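The structure appears below as structure tokens.
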Amino acid sequence: LVTKSFNYYQINISAYGQLSLALYGRNPDGSTIKGVPLFDQKVHFAFRFGSDDSTYYEYRSDIYSGWQEVKIDLRRIAALKDSFMVMNSDTIPIEISTQYGKAMLRVVSKAAQRQPNFSRIQWVGIGVIRDEDDINPQNSFGEIWVNEMKVSGINRLSGRAIRANFNTQWADFISMAG
């Protein structure tokens, strides 16, 4: 995985419903047939984001030739973490996953009493993960591109706003406005 740490600031995506990116897979043999699974479906695209490399959310899917849009439902991955926390104590490490269409969503926290949080993202990892049982040497070569990473579906926040104006004047003594 290629990783990037944001040590001096935290990214907050808690107000959004979806994270998306464009993924391009190139067939190692050079063929250009779109939508064909690559690498015998034994090499997978992985996108991780969280506090660090031991506390993160993960999206994992097969890689197909050509451009494909990856959409991660942030509410669904948050619900996955919440369901684990309701059923288990916060004193045990988190490792839970669920099928997400043709992809997999995971929540991982290797340290007890730590959990990933959408409001404190300080680490991102993007790359490929190869199955341990894959012995095909052709699956060691290939190319992926990632582009247009963005969040969307901002949650509406309810609230109130009040505007007041105050003016007073006491004869020739004092006048106030605010």
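None of the figures in this text is laboratory data; all of them are computed from the coordinates on show. Because the structure is a prediction, the values reported are computed rather than measured. FYI the Cβ positions are ideal-geometry reconstructions off the backbone, even for glycines, and counts take in every protein chain you see.
A few notes on this one:
- The convex hull drawn around the Cα atoms of the range 22-178, when projected onto a plane and averaged over every direction, covers 16.2 nm².
- Put simply, the Cα atoms of the range 46-120 extend 43, 23, 19 Å along their principal axes, the longest span coming first.
- Across the alpha-carbon set of the range 27-89, the Rg to Rh ratio works out to 1.12, Rh being the Kirkwood radius.
- Each part gets one Cα centre, and for the range 96-118 versus the range 124-172 those centres are 17 Å apart.
- Loop trypsin sites (Lys or Arg not before Pro), the range 141-178, which have at most 16 other Cβ atoms in a 10 Å radius of their Cβ (DSSP): R156, R160, R163
- Sparse packing (at most 16 other Cβ atoms within 10 Å of the Cβ) combined with a DSSP loop state is found for the following chymotrypsin sites (Phe, Trp or Tyr not before Pro) in the range 131-178: F141, F166, F173.
- Between helix 74-87 and the chain: long-axis angle, C-alpha atoms, 0 to 90°, nearest 10: 90
- Fraction of the pair-distance distribution of the range 97-172 above 14 Å, Cα-Cα pairs, percent: 84
- In summary, the lysines within cross-link reach of K34, defined as a Cα separation below 29 angstrom excluding same-chain residues under 8 places away, comprise K42, K71, K102, K150.
- The range 1-56: Cα Rg divided by the 2.2 N^0.38 Å rule of thumb: 1.55
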